[in-house]
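The values are calculated or read from the model by the stated rules, or taken from the named source; none is laboratory data. Just so it is clear, the model here is predicted, and its values are computed rather than measured. Don't worry about glycine lacking a Cβ; one is built from the backbone with ideal geometry, like all the others, and counts go over all protein chains shown.
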């Protein structure tokens with residue numbers, strides 16, 4: 001839908017000052033509504049039904065004086081499972097793409113969907129995630145807030161008639177402002193919106209509008225819930241003698257982030273293969289989480305209150321059930337990883353940022369506690385290790401080191417921990433490598449993103465034949481497939497369109513936006529006849545041009561009218577890079 005407001009015609013800074021401001025207003029109020037929705041469901045499920053008192057961080061009105069009690073402790077598995085069931089029913093009957101942790105869906109929309117997010121997603125995500133987290137599911141609120149704000153950004157872009165490029169920027173701005181607002185870290189959130197899209201790169205055009213949006217969103221949210229950092233102010237002086245200990249913490253955090261990612265997606269793969277109705281799976285995941293919580297109630301919800309207690313060294317307030325403290329601290333991060341994997345990877349709705357904060361804080365508490373016993377004169381408290389642990393862990397798991405380093409300053413109100421955080425986060429990021437990221441839709445660099453496919457000059461593609469690029473033969477839609485089957489194939493392969501084939505003949509294409517809101521039907525009712533294709537003897541440049549023209553990540557390949565398969569942008573770029581590397585080796589020799 002286009003308006004008479006010619007915002008898209010304005011220069012870059014003027015345009016994004018206005019659009020960033022709009023996204024910021026929505027992010028601020030959206031985050032506030034989501035925050036209180038979680039509190040509402042916590043009051044129903046955890047406080048009134050189970051009779052549990054929940055620790056809260058000082059920045060959210062909590063207290064350091066805390067005593068755990070739960071009147072109906074035995075109901076925890078039932079309540080968490082019930083929350084998963086309700087969330088699953090809401091998601092899988094209204095918007096299946098809203099399942100999971102939110103941020104990854106927004107990243108996928110940026111790279112592969114021209115920034116398009118269905119308009120219902122922000123509202124579905126708000127309700128489903130609030131129920132999941134409010135009933136005790138081990139998940140965070142930052143990821144859902146990112147998808148909510150990104151969805152609103154996409155909606156605003158559609159309303160203003162912006163180009164696909166500007167829509168993508170609006171989505172990235174939504175990601176950054178959403179996380180920066182709910183975490184009360186506006187600068188770090190703004191940088192995160194530009195950084196989280198890639199594993200080894202940065203989207204510079206996102207920074208300015210993200211700063212505008214995050215500043216406005218933060219001002220609105222904090223005016224209502226308070227301006228204090230979530231975990232209060234850090235007042236200790238910097239001690240350079242701790243730097244080697246922070247470096248060791250970075251190594252452990254980087255290795256542990258690999259465990260987190262592999263466990264998370266390993267559980268996801270198990271649930272995907274399980275042949276039961278999708279809306280049942282979050283219930284099962286919730287039940288497992290609830291059973292774990294009978295022994296480790298700290299894993300329920302976001303866990304920020306427990307992180308605050310760990311930071312202040314109030315280990316006596318932890319619920320250890322007789323376990324030696326050192327054993328408990330060793331087990332706690334692993335238990336949180338398992339609980340989060342079953343809550344979110346089963347199809348539940350919630351973020352992975354807050355669990356990452358909790359896991360890193362647990363690691364930091366363990367390392368800080370050990371060094372405090374060994375060198376108490378140098379390590380006088382666990383607080384700096386808890387803070388640096390939480391950020392180095394997530395900086396490596398989420399491949400966002402720069403933004404989390406900035407968040408150290410915002411979440412503590414102090415520069416004292418910045419040098420230690422820079423060392424630990426950088427080491428953790430290097431140790432974790434590029435293979436393992438909690439956001440699987442991230443691409444390596446801007447060059448690898450379909451969003452930037454027309455930006456890079458590729459004369460070498462003229463020398464590469466289509467026959468040199470690996471052919472994929474099983475990704476297509478038959479003329480008589482149901483539209484639901486076609487849509488599922490697109491989602492599984494992160495595609496917005498499929499070639500339509502019947503009796504080995506290429507007939508046309510079917511597009512996600514033509515069928516995503518349809519309840520039933522078949523491909524032959526909605527496909528578009530005729531589509532561009534290449535032959536095996538054509539150059540890869542021809543396929544590249546077709547992809548740019550059609551804004552797709554694939555091109556059909558035929559031979560004498562017979563459909564052979566498709567070549568994808570990913571495989572084409574891989575072949576291109578192989579040839580570049582070969583040329584480089586020859587020149588170097």
Inside the stretch 350-419, counting only helices (runs of 4 or more DSSP H) that do not spill past its ends, which hold 2 or more residues that are at pLDDT 95 or above, within 30 Å of residue 135 (Cβ to Cβ) and under 17 Å from the mean Cα position of the chain (by Cα)?
353-374, 383-397
Return yes when residue 86 is surrounded by fewer than 24 Cβ atoms within 10 Å (Cβ to Cβ), in a helix (DSSP H, G or I) and modelled with pLDDT of 95 or more and no when it is not.
yes
I'd like the full set of residues that are at pLDDT 95 or above and in a helix (DSSP H, G or I), limited to the stretch 131-160.
131, 132, 133, 134
In the stretch 34-52, what count of residues is obtained for those that are in contact with a strand residue (DSSP E or B) (Cβ under 8 Å, 6 or more places away or on another chain) and either surrounded by 15 or more Cβ atoms within 10 Å (Cβ to Cβ) or assigned to a helix (DSSP H, G or I) (or both)?
3
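Every residue, every condition in (1) more than 20 Å from residue 382 (Cβ to Cβ); (2) assigned to a helix (DSSP H, G or I); (3) in contact with a helix residue (DSSP H, G or I) (Cβ under 9 Å, 6 or more places away or on another chain), yes or no:
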site	(1), (2), (3)
190	yes, yes, yes
213	yes, yes, yes
234	no, no, yes
245	no, yes, yes
252	no, yes, yes
256	no, yes, yes
Flag if residue 65 is over 30 Å from residue 445 (Cα atoms), more than 15 Å from the chain's Cα centre (by Cα) and modelled with pLDDT of 90 or more:
no
Give the number of residues within the stretch 492-509 that are loosely packed, with under 14 Cβ neighbours inside 10 Å and either in contact with a strand residue (DSSP E or B) (Cβ under 7 Å, 6 or more places away or on another chain) or within 24 Å of residue 268 (Cβ to Cβ) (or both).
3
Within the stretch 371-384, of all residues that are farther than 16 Å from residue 235 by Cβ and in contact (Cβ under 8 Å) with a residue 12 or more places away in the chain, the one surrounded by the fewest Cβ atoms within 10 Å (Cβ to Cβ) is 378
Extreme residue, nearest to the chain's Cα centre (by Cα), among residues of the stretch 297-327 that are buried (at least 24 other Cβ atoms within 10 Å of the Cβ) and not in a helix (DSSP H, G or I)
302
Within the stretch 461-562, considering only strands (runs of 3 or more DSSP E) that don't extend past its boundaries, which have at least 2 residues that are closer than 26 Å to residue 109 by Cβ?
497-502, 505-511, 554-559
For the subset of the stretch 513-531 comprising residues that are in contact with a strand residue (DSSP E or B) (Cβ under 7 Å, 6 or more places away or on another chain) and at pLDDT below 90, which member is surrounded by the most Cβ atoms within 10 Å (Cβ to Cβ)?
531
Is it the case that residue 540 is over 17 Å from residue 452 (Cβ atoms), within 34 Å of the chain's Cα centre (by Cα), buried (at least 16 other Cβ atoms within 10 Å of the Cβ) and modelled with pLDDT of 90 or more?
no
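A quick yes/no check of all residues on (1) in contact with a helix residue (DSSP H, G or I) (Cβ under 7 Å, 6 or more places away or on another chain); (2) at negative phi:
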{"position": "38", "(1), (2)": "yes, yes"}
{"position": "41", "(1), (2)": "yes, yes"}
{"position": "51", "(1), (2)": "no, no"}
{"position": "79", "(1), (2)": "yes, yes"}
{"position": "85", "(1), (2)": "yes, yes"}
{"position": "90", "(1), (2)": "yes, yes"}
{"position": "100", "(1), (2)": "yes, no"}
{"position": "109", "(1), (2)": "yes, yes"}
